[in-house]
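Scroll down for the structure; my scribbles are underneath it.
The values are calculated or read from the model by the stated rules, or taken from the named source; none is laboratory data. Here the structure is a predicted model, which means the values were calculated and not measured. Every residue, glycine among them, receives a Cβ derived from its backbone with ideal geometry; neighbour counts consider all protein chains shown. Keep in mind that these areas ignore ligands, DNA and RNA; they rest on the heavy atoms of the full protein, side chains included. Shrake-Rupley method; radii C 1.70, N 1.55, O 1.52, S 1.80 Å.
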Amino acid sequence: MNKLKSTLLSLVAAAAVAGCSDPGSDREMDRFIDGLMKKMTVEEKIGQMNLIAIDGSVMTGPVTESATGEKIVSGEVGALLNVMVPEKIRDLQELVVTKSRLGIPLLFGMDVIHGYNTVFPMPIGLSATWNMASVEEVARISAVEATAQGVNWTFSPMVDLSYDARWGRVAEGAGEDPYLASEIARAYVRGYQGDLSRNDNLLACVKHFALYGAPEAGRDYNLVDMGRMRMYNEYFLPYKAAVEEGAATVMSAFNEVEGVPAAANKWLLDDVLRKQWGFDGFVVSDWDAVREITVHGIGDLQEVSVRALDAGLDMDMASQGFAKTALESLGEGRITEKQIDRACRRVLEAKYKLGLFADPYKYNDLKRLETDILTPEHRAAARRIAAESFVLLKNRENTLPLARKGVVAVVGPFADNRPNQLGSWAFGGDIEAPTTVLEGLREATKGRAEVVYAMGCNITDDPEYERVLASWGRALARDKRSDAELMREALAAARRADVVVAVMGEAAEMSGEGASRTELGMPAVQQRLLGELKKLGKPIVLVLFSGRPMTLVEENDKYDAILYAWFPGTEGGPAVADVLFGDAEPGGRLTMSFPRSVGQVPIHYNGRQTGRPAPADGSITRYVSGYVDESHLPLYPFGYGLTYTTFEYGDVILGSAEMSPGGTIEASVEVTNTGSRPGTEVVQLYLRDPVASVTRPLKELKGFEKIRLEPGETKTVTFTIDSGMLEYYDNSLERVLEPGAFDVMIGPNSAETKSATFTLLK
Ligand code: BGC
């Protein structure tokens, strides 16, 4: 063992004794890192700022002989991403610890987005649960499964607000509302990071900072241009919430903000994130984003790396901007060693907090592979939470729940389609693990109803589109028979049936990264099949897979029931069966407005009043802020979702008509289950400041509560409104509380509320 290594080990031992086991001990951490950094060369410090993807040679041979292995041994790498084989992670960690000069352990990052091996609903679906305990549970289970395989850092949560369903990455987000998305961001961080002294929690990475969900025209990576008042009052809030909850790392966005790409944007990374919000973790770029700044057009790799470091970027993902240029920039005086030290220290601090210096093999307990992955408990949670994410959009004359009798025809390209059930970003998901909707329905009806199946059509009949989608790697399960033949088979099955369940929608690869769409309807071939099925006069239940809001005006008019199932994950099939037969409720409420047509996009409920508002009932007139060919209202509003029972809301009762600054007011409403089945309601509180010094949103969600009511039961739901909920950032970006009237609105969704008014006193 060389002298330096033994110094490090004694430092580690001292730290372990003195306080590594107590991650709260900042002084111990500082002492430890000071000692370590004194031993580091500048090259080794720059190495900590380098996150690389593994090359193929790691996967095919011994890590010691790979190109990555060589870099690791020479201290050029601080973290790796996408190593999916637990044994390889263990080998790589051992390599760095035993063979590199200082033995600084590596971070292993991965996009663990909606579960790892057990795949949960896509995040947009998970957000529709409005259940923070469920979000936290998903993050917790994801952490358990990922850490069992050596992953100690997830690139999640993504909390980019978006009003634009064309943007494919709405699938990965938490919808359009700043408050709800902030609560969700917090729940993810709690679930992932929990207690980092354990070996089954990991580092979270909130992304993509900032404003990535607002690209012009819905085109991924495109220009974002937005006023700061909107940033502070809307788009920034979920990132800020995640930071407040203690997110250890932040990922910068691909897009530019005010003319400077986020990874080199000093105002964003330094002023807002660190100075205003107090973030003290490290910032990593998005994939190749530092190099891509050269394509944006503000300099060569050296120049943009200088700017990124100065802005406060600490780690480069994949483009090796720091690795390739920092030494030279230092020699030329374009950056200082202090700046390198700052970034390196932040990375080392994260490793320390994770406990890697105390035990570099903390996440390499290979025995956990047998006990912690795809367990019956994880699968049961996936089933329960999937049902909770499904949104019942339509239910004509109680078509649902279905009785277990007669013949059920199951059709559609997603009825028996394992890969597509998982959605995008499901790397750890075993493609064979999901139970499909067809299998779920068969299991649920065994011996009581007959299930007949015909696929009926392919996902799309556009070969060019199919080629693009398939290039992303996921098979589209094309049936080679002709469209006519497939349709004939489905119609024959449907003719025999009492009810048709059509499982349709968009393929997993039609949403997610780089998958923006200009059309938001169902693919034409699926619409044709539905049209023919409709002619048979049987009740039709549409179960839709999708990662985004789709335009469903025609479907809403024509079919009997619509259940929006997003991409429901490993247990999506049984969960669909649970809901269709009424063993579980459809628990979801929309977290994005569903447009009537693409032309309405971007659309969101919390817009601001214009001087010429369109009629509140959605009717069409001219010279108002609407359209002459379409209502300005969405088809389904934010917060919307039916249940198998009905609820009635009483009037909003305020505890007082006046509030003093710093005070509170209670707002209550009685909710009664007026139907014949038990049911869960999401009672939503919205506020409006109708007259302020600048224009304010028409409505802002400020609270919600999920309640379960037996038939005939009434509960009083009480929200406490405090004056902090009335504050906002004005156009000088001052946080202000302005006296005057405030409207309190409570209801089952953003469009159906009852209201009362109080006055905030001076
Ligand atoms: C995505 C990130 C992701 C990263 C690493 C990028 O293309 O934008 O969300 O975390 O890749 O896989």
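What percent antiparallel are the DSSP beta bridges of the chain, to the nearest 5?
Beta bridges within the chain, antiparallel portion: roughly 55 percent.
Considering only lysines 8 or more places apart in sequence, or on different chains, count the pairs in the range 388-591 whose C-alpha atoms sit under 25 Å apart.
Step by step, the pairs that qualify in the range 388-591 add up to 15.
Indicate the gyration tensor shape class of the range 460-536 (rounded, prolate or oblate), computed on the Cα atoms with a ≥ b ≥ c the square roots of the eigenvalues: a/c under 1.5 is rounded; otherwise a/b larger than b/c is prolate and the rest oblate.
Taking the square roots of the gyration eigenvalues as a ≥ b ≥ c, the range 460-536 is prolate.
In terms of the Cα gyration tensor, with a ≥ b ≥ c the square roots of its eigenvalues, is the range 647-760 rounded because a/c is under 1.5, prolate because a/b exceeds b/c, or oblate?
Prolate shape, in that a/c is at least 1.5 and a/b is the bigger ratio.
If you take every DSSP beta bridge whose two residues both sit in the range 388-591, what share of them, in percent to the nearest 5, is antiparallel?
Here the share of antiparallel DSSP bridges comes out near 15 percent.
Within the accessible area of the range 388-591, what % is carbon and sulfur when the probe is 1.4 Å and the other protein chains stay in place?
Heavy-atom surface of the range 388-591 belonging to carbon and sulfur, 1.4 Å probe: 49 percent.
For the range 388-591, what does the alpha-carbon gyration tensor say about shape, rounded, prolate or oblate, given a ≥ b ≥ c as the root eigenvalues, a/c under 1.5 as rounded, and a/b over b/c as prolate?
In terms of gyration-tensor shape, rounded.
Within 15 Å, Cβ to Cβ, of Gly447, how many net charges do the neighbouring residues add up to if Lys/Arg are +1 and Asp/Glu are -1?
Net charge in that neighbourhood comes out at +3.
Which pairs, out of Lys45/Lys71; Lys702/Lys754; Lys38/Lys207; Lys45/Lys99; Lys38/Lys338, put more than 21 Å between their alpha-carbon atoms?
Distance filter (> 21 Å) returns Lys38/Lys207.
Residue farthest toward the positive end of the dipole of the range 617-705, with Cβ of Lys/Arg at +1 and Asp/Glu at -1: which of Tyr686, Tyr627, Phe704?
Selected residue: Tyr627.
Could you rank the peptides 577-584, 165-172, 621-628, 120-127 by their average count of other C-beta atoms within 10 Å per residue, with the highest value first?
120-127, 165-172, 577-584, 621-628
Once the other residues with Cβ under 14 Å from the Cβ of Val503 are scored (Lys, Arg +1; Asp, Glu -1), what is the net sum?
-2
Which distance in Å, rounded to a whole number, links the C-alpha centroids of the range 385-400 and the range 516-556?
So the separation of the two Cα centres works out to 16 Å.
I'd like to check one number: the per residue accessible area of the chain, probe 1.4 Å, reported in Å² as a whole number.
Accessible surface, normalised per residue, equals 36 Å².
Put a dot 7 Å past each Cα toward the Cβ at Ile620 and Glu734; how far apart are the dots in nm?
The answer from the label model is 4.6 nm.
Cross-link partners among aspartates and glutamates for Lys275, C-alpha distance below 15 Å, same-chain residues fewer than 8 apart left out?
Counting by Cα, and skipping residues close in sequence, Lys275 has these aspartates and glutamates nearby: Glu244, Asp310.
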